[in-house]
Amino acid sequence: MDKVIIYTDGACSGNPGPGGWGTILMYKGYRKDISGGAKNTTNNIMEITAALEGLKALKTQCEVEIYSDSAYVVNAFNNHWIEQWKKNGWKNSKKEEVKNKELWEELDLLVKKYNAIFIKVKGHSDNEYNNKCDELAREAIKKL
C-alpha cells in the first residue's frame with residue numbers, strides 16, 4: 001500500500017486569539033502544502049485542525065504517518081487518551097468535559113479510516129518540515 005507522510009503544526013497569536021494551521025502532505029516525491037486559520041481560536045484547536053485537514057486531503061486509501069510537535073495530539077492517540085475519553089463519556093481524567101469533542105470525534109474517524117500513526121517531533125528545532133508547517137500556520141494568521 002502507498003504511504004503518505006503528513007507534517008502538521010498549529011499556532012495562535014494569543015490563546016485564545018487569531019490562529020493558523022499548516023500541513024504538508026508528501027507522497028511519492030510530490031508535496032502539497034495547505035493551511036488555514038480562524039480569527040478566534042486556541043492553539044490546541046489549530047493543532048487538531050492541522051492533522052484533521054491533512055487527513056481530509058487524502059484521496060485514496062493509503063498508509064499514513066502524521067508527524068506533529070503537539071504532545072496533546074500525539075498523546076491522545078499514542079497513549080490511548082481518546083479511547084479512555086470515549087469510555088468515560090467524553091470526560092477526561094479529572095471528570096471534566098473533553099474540550100473540542102467534535103474535532104476529536106472527526107479526527108478519530110479519519111485516523112481509524114487510514115490506520116494513521118502519530119510520530120512526535122521536537123518543535124522549533126531542526127526539522128525542516130515541522131518548521132515549514134509553523135511558517136504556513138503563521139502566514140495563515142497574517143492573512144486573517
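The numbers here are math on the coordinates, done by the rules we state, and not lab data. Nothing here was measured: the structure is a model prediction, and the numbers come from that model. Here the Cβ positions follow ideal geometry from the backbone for every residue, glycine too, while neighbour counts run over all protein chains shown.
The table for this structure:
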quantity: Neighbour-limited loop hits for GluC sites (Glu not before Pro), region 91-144 (at most 13 other Cβ within 10 Å; DSSP other than H, G, I, E, B); calculated: Glu96
quantity: Length-normalised contact order of region 3-144 in % [C-alpha pairs under 8 Å, at least 6 apart]; calculated: 35 percent
quantity: Residue-by-residue Karplus 3J(HN,Hα) for region 24-31, coefficients 6.51, -1.76, 1.60, Hz, glycine and proline x; calculated: 10, 10, 10, 8, 6, x, 9, 9
quantity: 3J(HN,Hα) from dihedral phi, region 130-144, Karplus parametrisation 6.51/-1.76/1.60, rounded to Hz, x for glycine, proline; calculated: 5, 5, 5, 4, 4, 5, 4, 5, 5, 5, 5, 4, 4, 6, 5
quantity: Helix-derived mean residue ellipticity, 222 nm - over the chain, DSSP H n ≥ 4, -39500 (n - 2.57), to 500; calculated: -12500 deg cm²/dmol
quantity: Per-residue Cβ neighbour rank within 10 angstrom, fewest leading, Cys62, Cys12, Cys133; calculated: Cys62, Cys12, Cys133
quantity: Label-point separation, Lys39 to Leu109 (7 Å along Cα→Cβ), nm; calculated: 2.8 nm
quantity: Packing-based exposure ordering (other Cβ within 10 Å, fewest first) of Tyr67, Tyr7, Tyr114; calculated: Tyr114, Tyr67, Tyr7
quantity: Under 5 Å, built H, 5+ apart or other chain: amide partners of Tyr67; calculated: Ile6, Tyr7, Thr8, Ile119
quantity: Phi-based couplings in Hz for region 71-80 (Karplus 6.51, -1.76, 1.60; Gly and Pro marked x); calculated: 4, 4, 6, 4, 5, 4, 9, 5, 9, 6
